[in-house]
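S.K.: Mind looking over this structure? Questions follow.
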Amino acid sequence: MRVSEHDAAHEAAAQRVTEFLRRRREQIAQRWADAPLFRTVFTVSRDEAVEACKAVVDALAEVAADGRLEDISAPGFAAVRDQLGRTAASRARTGSSPAQIADEVAGLRAPVTELLRGEFADPSAPEAHEAVLTLAVLMGTLRLVVMETALDAGEELIERQRLQLMEVATPVIQLWDGIVAVPLIGTLDSARSQVVMESLLEAIVDQRAEYAILDITGVPTVDSLVAQHLMKTVAAARLMGAECIVSGIRPAIAQTIVHLGIDLGSVVTRAGLADALAYALGRQGIVVPGRPAAGASRS
């Protein structure tokens, strides 16, 4: 019987909090709009901040009505997850740490709790205490939702930046009409090798290139996986109608390739980027003084 009474008290408190949030929606939003979490994000229009706060209040009311006070996956939060994520991400970009953002979300509790206490003639009454406790649980769940959403947004941002850095780190350069080159620097892995291949093939199409140079002077080591990626890139370039030249194979890397038993016999190789360019120019009938002629042997 005590358990039933306890459950009934919880349900009654959740109902009171739901009704309170819906009834005092405007007042809560007005107070929250001046809190650091929203004020520093919606700097152009305070009305915009108020509307954002109203959406959060509505979400809390829906969660409370469903009785899922501690469930961060409650459907009621779905409508504001993106907004909360953008808000938290905006605060992070201004230098706020996750702990500071969490404190700012926690700071939303005091204004709404004050309004809730004012709903009761006797703030110390058991039903008032139960309602305040219910609201505290709900606000704690909101804090977790914000942090989870912020972490997800942060991971997405990091992934986008990683892809952007890979693209920047693998530029395709047009050296001459019909000749493009990719100077590779740093370690090659599967993801970056895929970016190299896609960027090079796009450049071959865009520039109508007949020759593509892969310069690996800046690649510290070559293992079987890297060699396979290079061979796939060479093969893909050929399918696009371009001859691929690999340059910058240092002695240590040459020894590694031989040790691994990798056959580069079908691939045109040159000592450096300048030699590869001279070869490509020679194949186009342009003779570079001091450089091998177009018919130089493959190595």
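S.K.: Restricting attention to region 204-232, which residues are surrounded by 14 or more Cβ atoms within 10 Å (Cβ to Cβ) and more than 19 Å from VAL267 (Cβ to Cβ)?
M.R.: Across region 204-232, the qualifying residue is only GLN207.
S.K.: Yes or no: region 106-115 includes at least one residue that is under 24 Å from ARG25 (Cα atoms), among the hydrophobic types (A, V, I, L, M, F, W, C) and not in a helix (DSSP H, G or I).
M.R.: Checking region 106-115: at least one residue is under 24 Å from ARG25 (Cα atoms), among the hydrophobic types (A, V, I, L, M, F, W, C) and not in a helix (DSSP H, G or I).
S.K.: Let me ask something else. Which of the residues that make up region 9-64 are of a type in the set (Lys, Arg) and touching a residue at least 40 places away in the same chain (Cβ under 8 Å)?
M.R.: If the condition is that a residue be of a type in the set (Lys, Arg) and touching a residue at least 40 places away in the same chain (Cβ under 8 Å), then ARG16, ARG24, ARG31 are the ones that fit.
S.K.: If the requirement is being among the hydrophobic types (A, V, I, L, M, F, W, C) and surrounded by fewer than 19 Cβ atoms within 10 Å (Cβ to Cβ), which of these qualifies: ILE249, ILE262?
M.R.: Being among the hydrophobic types (A, V, I, L, M, F, W, C) and surrounded by fewer than 19 Cβ atoms within 10 Å (Cβ to Cβ) holds for just one of ILE249, ILE262, which is ILE262.
S.K.: It is to be established whether one or more residues within region 41-48 are within 21 Å of LEU116 (Cβ to Cβ) and touching a helix residue (DSSP H, G or I) at 6+ places or on another chain (Cβ under 9 Å).
M.R.: Checked region 41-48: no residue is within 21 Å of LEU116 (Cβ to Cβ) and touching a helix residue (DSSP H, G or I) at 6+ places or on another chain (Cβ under 9 Å).
S.K.: Any chance you could count how many residues in region 89-134 are in contact (Cβ under 8 Å) with a residue 40 or more places away in the chain, hydroxyl-bearing (Ser, Thr, Tyr), farther than 17 Å from ALA13 by Cβ and surrounded by 15 or more Cβ atoms within 10 Å (Cβ to Cβ)?
M.R.: Going through region 89-134 one residue at a time, the tally reaches 1.
S.K.: Please specify each residue of region 201-219 satisfying the condition of being within 23 Å of THR256 (Cβ to Cβ) and under 28 Å from the mean Cα position of the chain (by Cα).
M.R.: GLY218, VAL219 - these are the residues of region 201-219 that are within 23 Å of THR256 (Cβ to Cβ) and under 28 Å from the mean Cα position of the chain (by Cα).
S.K.: So CYS244 passes all but one of these: (1) at pLDDT 90 or above; (2) touching an Asp or Glu at 6+ places or on another chain (Cβ under 8 Å); (3) of a type outside the set (D, E, K, R). Which condition number does it fail?
M.R.: (2)
S.K.: Does region 225-235 contain at least one residue that is assigned to a strand (DSSP E or B) and of a type in the set (Ser, Thr, Tyr)?
M.R.: Checked region 225-235: no residue is assigned to a strand (DSSP E or B) and of a type in the set (Ser, Thr, Tyr).
S.K.: Another one. I want to confirm something. Restricting to region 179-203 and keeping residues that are hydrophobic (A, V, I, L, M, F, W, C) and assigned to a helix (DSSP H, G or I), which single residue is surrounded by the fewest Cβ atoms within 10 Å (Cβ to Cβ)?
M.R.: Residue satisfying both the conditions and the ranking: ALA191.
S.K.: Restricting to region 236-284, name every residue that is among the polar types (S, T, N, Q) and in a loop (DSSP other than H, G, I, E, B).
M.R.: SER266, GLN284
For every residue, the table says whether it meets (1) under 27 Å from ARG23 (Cβ atoms); (2) more than 22 Å from the chain's Cα centre (by Cα); (3) in the same structural domain as ASP152 (by TED's automatic domain parsing).
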site	(1), (2), (3)
LEU60	yes, yes, yes
ALA65	yes, yes, yes
PRO75	yes, yes, yes
ALA78	yes, no, yes
ALA88	no, no, yes
ILE101	no, no, yes
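S.K.: Which of the helices (runs of 4 or more DSSP H) found entirely inside region 1-88 contain at least 1 residues meeting this: exposed (fewer than 14 other Cβ atoms within 10 Å of the Cβ)?
M.R.: In region 1-88, the matching helices (runs of 4 or more DSSP H) lie at 2-23, 25-32, 46-66.
S.K.: For region 145-162, check the following and say yes or no: at least one residue is basic (Lys, Arg), surrounded by fewer than 15 Cβ atoms within 10 Å (Cβ to Cβ) and either modelled with pLDDT under 80 or not assigned by TED's automatic domain parsing to the domain that holds ALA271 (or both).
M.R.: yes
The values are calculated or read from the model by the stated rules, or taken from the named source; none is laboratory data. None of these values were measured; they are calculated from a predicted model. No Cβ is skipped: glycine too gets one built from the backbone with ideal geometry, and neighbour counts run over all protein chains shown.
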